[in-house]
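J.: The structure is given below, and queries will be raised subsequently.
The values are calculated or read from the model by the stated rules, or taken from the named source; none is laboratory data. Everything quoted here is computed from the prediction, not taken from an experiment. Cβ: placed from backbone, ideal geometry, glycine included. Neighbour counts: every protein chain shown. These accessible areas exclude ligands, DNA and RNA; they are computed on the full protein's heavy atoms, side chains included. Shrake-Rupley method; radii C 1.70, N 1.55, O 1.52, S 1.80 Å.
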Amino acid sequence: MEPPAARQRPAVDQRLSGSSAVKPRVSCSRELELKTTLRELVIYIVFLTDLCILTFGMVSTDMYYLNKVMSHLFLEPSSAEDNRSGFGSIGSRADFWRFAEGPLLDGLYWDKWYNNLTLTLQNNNSHIYYENLLLGVAQIRQLKVRNNTCSIYPYFRTFLEDCYSEYRYRAEDRSDFGLRNESEWKYTSASSLSPWYWGSMGLYSSGGYMFTLPKSKQESREKLVFLRQNSWLARGTRAVFIDFSTYNANINLFCIIKLVVEFPATGGALTSSHIYSVKLLRYITYYDYFLASCEVTFCLFIITFIIQEAIKIVKLKKEYFRSAWNWMDLLLLVVSILAIAFNIYRTVKVSLLMEELLSDAYVYPDFYFLAFWQVLYNNMIAVNIFFAWIKIFKYVSFNKTMTQLCSTLSRCAKDIIGFAIMFFIIFFAYAQLGYLVFGSQVEEFSTFQNCIFTQFRIVLGDFNFETIEAANRILGPIYFITFVFFVFFVLLNMFLAIINDTYSEVKADFEVIPSQELQIRDLFRQSCNKALVKLKLKKPEMDTNPADESLERYTAELGKELNNTNAKVRRIMKSMQQLKDTSGKTA
C-alpha cells in the first residue's frame, strides 16, 4: 500500500513547480481585478453617503412628534368623561354627530388661552396648540350608495322595501337629496388626479357631498346642528371624511389630517385616520441648500452609472442579463430615475399650487394630494436606499466569509425550493382551516390575509390562544397543537438542518483549499499606507510585491501541511513496526 506522503508528493511538486511561472501571472490579474473592485467600491461608498444624506434630510424626529400631538388631540379622548365622544369610540351615526359637535370643534378652534383668556386672532385664523396654523377651513365629505342596489330574497320583500348595498363605485349615489339648495346636498365630482381612499370596507372615490366649516367655532357648531336635524347622514351613507391641514412655521412642516368614519352595510361604524407630516417647502435654510447640492451630486452619479451600464450592455450583450447583480444595478437605476423625476414634478407642482391653495382663507386647501404623493416619494427613496445597501455585497464578495455564505445559499437553493413548496402547502392548508372555522368570531382570522399573518405570529409566539379556544372548544386546541407541532417543530427544524448541513459542507471544502490569493483587505491596507506616506503621516516601507506576499503565505501553509503529513506517516510507520514485533513474538 502506498503511503499518503507518496500520493500527495506529485501534486505538491506540481504546485511548487508551477508556482514560479504561473502563480505571479494569476496574482497580477487578481490584483488588477481587486484594484478595480476597490476603486468601484470607494466611488459607490461616496454615492451611498450622498444618498443617505438625502434620505435622512427628508425626515426628522419633529414629524413623529407632530403626528403624535395631533393624534392625541383628535383621536384620543381628553378624559374619562369624554370617552363616549372620542373619535375611536364612534359606533353609530349619533356618535359621529357627538364627536363632530364636541371634540372636533374643540380641536380645530383654539380661541382661548389656558387660563380662559380670549386670544386675539390675526385674520380670524386658528392656531392649534397655539403653534400650528389651521390652513383655510376644514372640509367634511360623505359618499352614499343608491337604494335598491342589492337583491332581497322573495320571502322578505313584504317586510323590506329598501336595500342599500356595500360601497361600490358603480352603486354610488350622485343625485341631489335633502334641501337641495347648498353644496352639501349636491354631488361634487373630484379631480382625476385626486387619490382614492383605501378603507377597511372598500376603496372610496374622491368625490361626494361636501361642505366646509366656517371660520368661527360657534357658526361651525350651528351648521353641524342644522345638518344633523335635517338628516344629512342617511341610510345610504357609507363613508364620511373630515379633512384639514395645518402648518407649523417653527419646524417648517405641514400636517395633513384625514379622519374617516365608515358605515358598513352591516350597521355600526368603523374609524380610521391618516396623519401625514411632510416638508413641502424646500430650500429655506442653509442645510436645505446643502441638500440641494447633494441632489445635484446624486443626479450626476446616476448619469455616470447609466453610461457605465450602457457600455456593459453593449460589450457583454446577452451575457449581461445573466448576472443577478446586473439586474440589481438596473433596478437601482430605474428607481433612482423615477425618484428624480417625481422630485422635480413635486417641486414644480408645490410652487404652482401653494399660492392658489392659500389665496382664499375661507376655502379648503387640498394638501392631501401633495402629501399623498410626497409619502409615495419617501417610500420610493426608502426602497432605493434599501437596494443600494444590498448592492454592497457585490463588492465584498471577495471576502472568504462572504464567499462561503453565497456558496451555501447557491448550493442549497434547490433544497430550499423543494422545502418551500412543502411548507406553503401545509401553511395555506392551516390558513384555510382557520379562516373557515374561526373567521366569523375571531378578528385575527376574519380574512384570509389575516389568517396568514396570524400564523406567522403563532410561529413567533405572539398569539392569544384563548380567542380560538372560546370560538371552538374542540377544533381550536386541535388546530393550535397540530400547527405548532408540524410547522414549528418539524418544518422549521428541517429548514435549519438544510442550511446547517450545506454550510458545514461548504466550510469543509474551503478548509481544504489553501488561502493563497490576495484579499481585498490587504489591498485596502496597502492603499491606506500609501496615502499616509504621501501625507507624510507614516514613514515609507520597503516595496513588496503582493504576488510575493501571497506566495510566501502559500509556502508557509504548504510547509505546515507537509509537517502534519510527515507526523502522520511517522505514527503509521511506528504502528506498523509495533504490529510486526508483536506478530514475531507470537510466532
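J.: List every residue pair whose Cβ atoms lie under 6 Å apart, where the two residues are 6 or more positions apart in sequence or sit on different chains, the first residue falls within segment 488-513 and is in contact (Cβ under 8 Å) with a residue 12 or more places away in the chain, and the second residue, located anywhere, is open to solvent by 90 Å² or more (accessible area, probe 1.4 Å).
T.: From segment 488-513, the pairs are THR502/ARG411.
J.: For segment 199-208, name all the residues that are of a type in the set (A, V, I, L, M, F, W, C) and either open to solvent by less than 30 Å² (accessible area, probe 1.4 Å) or modelled with pLDDT under 90 (or both). Steps first, please.
T.: Pass one, segment 199-208, residues of a type in the set (A, V, I, L, M, F, W, C): 201, 203.
MET201, the sole residue that qualifies.
J.: Given the criteria loosely packed, with under 12 Cβ neighbours inside 10 Å, among the small types (Gly, Ala, Ser) and in a loop (DSSP other than H, G, I, E, B), does SER165 qualify? Steps first, please.
T.: Details: loosely packed, with under 12 Cβ neighbours inside 10 Å: no; among the small types (Gly, Ala, Ser): yes; in a loop (DSSP other than H, G, I, E, B): yes.
No.
J.: Is it the case that segment 362-374 has a residue that's at pLDDT 80 or above, open to solvent by 40 Å² or more (accessible area, probe 1.4 Å) and more than 24 Å from TYR197 (Cβ to Cβ)?
T.: Yes, the conditions are met somewhere in segment 362-374.
J.: A follow-up question, please. Please give the number of the condition TYR362 fails out of (1) touching a residue at least 12 places away in the same chain (Cβ under 8 Å); (2) assigned to a helix (DSSP H, G or I).
T.: Among (1) touching a residue at least 12 places away in the same chain (Cβ under 8 Å); (2) assigned to a helix (DSSP H, G or I), TYR362 violates only (2).
J.: Scan (1) under 20 Å from LYS279 (Cα atoms); (2) open to solvent by 80 Å² or more (accessible area, probe 1.4 Å); (3) not in a helix (DSSP H, G or I) for the single condition GLU356 breaks and write down its number.
T.: (3) is the only condition that GLU356 fails.
J.: Filter segment 212-243 down to residues that are closer than 23 Å to PRO365 by Cα, in contact with a Pro (Cβ under 9 Å, 6 or more places away or on another chain) and touching a residue at least 40 places away in the same chain (Cβ under 8 Å), then give me how many there are.
T.: Final tally of qualifying residues: 1.
J.: Another question about this same structure. From the residues in segment 278-300 that are open to solvent by less than 40 Å² (accessible area, probe 1.4 Å) and out of contact with any strand residue (DSSP E or B) (no Cβ under 6 Å at 6 or more places or on another chain), which one is farthest from MET58 (Cα to Cα)? Write out each step before concluding.
T.: The initial filter retains those residues of segment 278-300 that are open to solvent by less than 40 Å² (accessible area, probe 1.4 Å), namely 278, 280, 288, 291-292, 294-295, 298.
With out of contact with any strand residue (DSSP E or B) (no Cβ under 6 Å at 6 or more places or on another chain) added as a condition, the list becomes 288, 291-292, 294-295, 298.
Numbers: ASP288: 10, LEU291: 9, ALA292: 11, CYS294: 12, GLU295: 12, PHE298: 15 Å.
Going through the qualifying residues, I end up with PHE298.
J.: If you don't mind, there's one more thing I want to ask. Any chance segment 171-179 includes a residue that's in contact with an Asp or Glu (Cβ under 8 Å, 6 or more places away or on another chain), part of a loop (DSSP other than H, G, I, E, B), crowded, with 16+ Cβ neighbours inside 10 Å and not polar (S, T, N, Q)?
T.: No, segment 171-179 contains no residue that is in contact with an Asp or Glu (Cβ under 8 Å, 6 or more places away or on another chain), part of a loop (DSSP other than H, G, I, E, B), crowded, with 16+ Cβ neighbours inside 10 Å and not polar (S, T, N, Q).
J.: For segment 48-63, name all the residues that are at pLDDT 85 or above, among the β-branched types (Val, Ile, Thr) and either touching a strand residue (DSSP E or B) at 6+ places or on another chain (Cβ under 7 Å) or over 18 Å from ASN248 (Cα atoms) (or both).
T.: THR49, ILE53
J.: Would you pick out the residues in segment 439-455 that are part of a helix (DSSP H, G or I) and surrounded by 13 or more Cβ atoms within 10 Å (Cβ to Cβ)?
T.: Start the filter on segment 439-455 by keeping residues that are part of a helix (DSSP H, G or I), which leaves 443-445, 448-455.
The answer is GLU444, PHE445, PHE448, ASN450, CYS451, ILE452, THR454, GLN455.
J.: Here are some residues: LEU135, LEU105, LEU121. Which one is within 21 Å of LEU358 (Cβ to Cβ) and either at pLDDT 90 or above or under 35 Å from the mean Cα position of the chain (by Cα) (or both)? Break it down into steps so the answer makes sense when it comes.
T.: Numbers: LEU105 fails: within 21 Å of LEU358 (Cβ to Cβ); LEU121 fails: either at pLDDT 90 or above or under 35 Å from the mean Cα position of the chain (by Cα) (or both).
Matching residue, one of LEU135, LEU105, LEU121: LEU135.
J.: Can you name the condition, by its number, that TRP389 falls short on among (1) aromatic (Phe, Trp, Tyr); (2) open to solvent by 30 Å² or more (accessible area, probe 1.4 Å); (3) out of contact with any helix residue (DSSP H, G or I) (no Cβ under 8 Å at 6 or more places or on another chain)?
T.: With (1) aromatic (Phe, Trp, Tyr); (2) open to solvent by 30 Å² or more (accessible area, probe 1.4 Å); (3) out of contact with any helix residue (DSSP H, G or I) (no Cβ under 8 Å at 6 or more places or on another chain) applied to TRP389, the lone miss is (3).
J.: If you don't mind, there's one more thing I want to ask. Filter segment 190-223 down to residues that are more than 18 Å from GLY236 (Cβ to Cβ) and small (Gly, Ala, Ser), then give me how many there are.
T.: Summing the residues that are more than 18 Å from GLY236 (Cβ to Cβ) and small (Gly, Ala, Ser) in segment 190-223 gives 8.
J.: Would you check if LEU433 is aliphatic (A, V, I, L, M), touching a residue at least 40 places away in the same chain (Cβ under 8 Å) and open to solvent by 50 Å² or more (accessible area, probe 1.4 Å)?
T.: Working: aliphatic (A, V, I, L, M): yes; touching a residue at least 40 places away in the same chain (Cβ under 8 Å): yes; open to solvent by 50 Å² or more (accessible area, probe 1.4 Å): yes.
Considered against the rule, which asks whether it is aliphatic (A, V, I, L, M), touching a residue at least 40 places away in the same chain (Cβ under 8 Å) and open to solvent by 50 Å² or more (accessible area, probe 1.4 Å), LEU433 comes out as yes.
J.: Does THR408 satisfy the criteria of being at pLDDT below 90, open to solvent by 60 Å² or more (accessible area, probe 1.4 Å) and part of a helix (DSSP H, G or I)? Walk me through it before giving the result.
T.: Values: at pLDDT below 90: yes; open to solvent by 60 Å² or more (accessible area, probe 1.4 Å): no; part of a helix (DSSP H, G or I): yes.
Here the answer is no, as THR408 does not meet what is asked.
J.: Name the residues in segment 456-500 that are small (Gly, Ala, Ser) and open to solvent by less than 60 Å² (accessible area, probe 1.4 Å), would you?
T.: Our first condition is that a residue be small (Gly, Ala, Ser); within segment 456-500, this holds for 461, 470-471, 476, 497.
Matches in segment 456-500: ALA471, GLY476, ALA497.
J.: Tally up the residues in segment 172-190 that are in contact (Cβ under 8 Å) with a residue 40 or more places away in the chain and of a type outside the set (A, V, I, L, M, F, W, C), please.
T.: Result for segment 172-190: 3.
J.: Do you know which residues across segment 95-137 are touching a helix residue (DSSP H, G or I) at 6+ places or on another chain (Cβ under 9 Å) and either small (Gly, Ala, Ser) or loosely packed, with under 12 Cβ neighbours inside 10 Å (or both)?
T.: If the condition is that a residue be touching a helix residue (DSSP H, G or I) at 6+ places or on another chain (Cβ under 9 Å) and either small (Gly, Ala, Ser) or loosely packed, with under 12 Cβ neighbours inside 10 Å (or both), then ALA100, GLY102, GLY107, SER126, GLY136 are the ones that fit.
J.: Pick out the one residue from SER407, SER446 that is of a type in the set (Gly, Ala, Ser), more than 23 Å from the chain's Cα centre (by Cα) and closer than 30 Å to TYR503 by Cβ. Let's see the steps before the verdict.
T.: Details: SER446 fails: closer than 30 Å to TYR503 by Cβ.
Just one listed residue meets the conditions, SER407.
J.: Can you list residue pairs whose Cβ atoms sit under 6 Å apart, with the first residue in segment 259-277 being closer than 13 Å to LEU143 by Cα and the second being in a strand (DSSP E or B)? Count only pairs 6 or more apart in sequence or on different chains.
T.: So the pair list comes out as VAL260/PHE241; VAL260/SER272; VAL261/VAL240; VAL261/THR271; GLU262/ALA239; GLU262/LEU270; PHE263/THR237; PHE263/ARG238.
J.: If you don't mind, another one. Among residues belonging to segment 234-256 that are over 30 Å from the mean Cα position of the chain (by Cα) and open to solvent by 20 Å² or more (accessible area, probe 1.4 Å), point out the one that is farthest from GLN142 (Cα to Cα).
T.: Applying the first criterion (over 30 Å from the mean Cα position of the chain (by Cα)) to segment 234-256 yields 234-238.
When the remaining residues are screened for being open to solvent by 20 Å² or more (accessible area, probe 1.4 Å), the result is 234-235.
Working: ALA234: 10, ARG235: 12 Å.
Across segment 234-256, the extreme among qualifying residues is ARG235.
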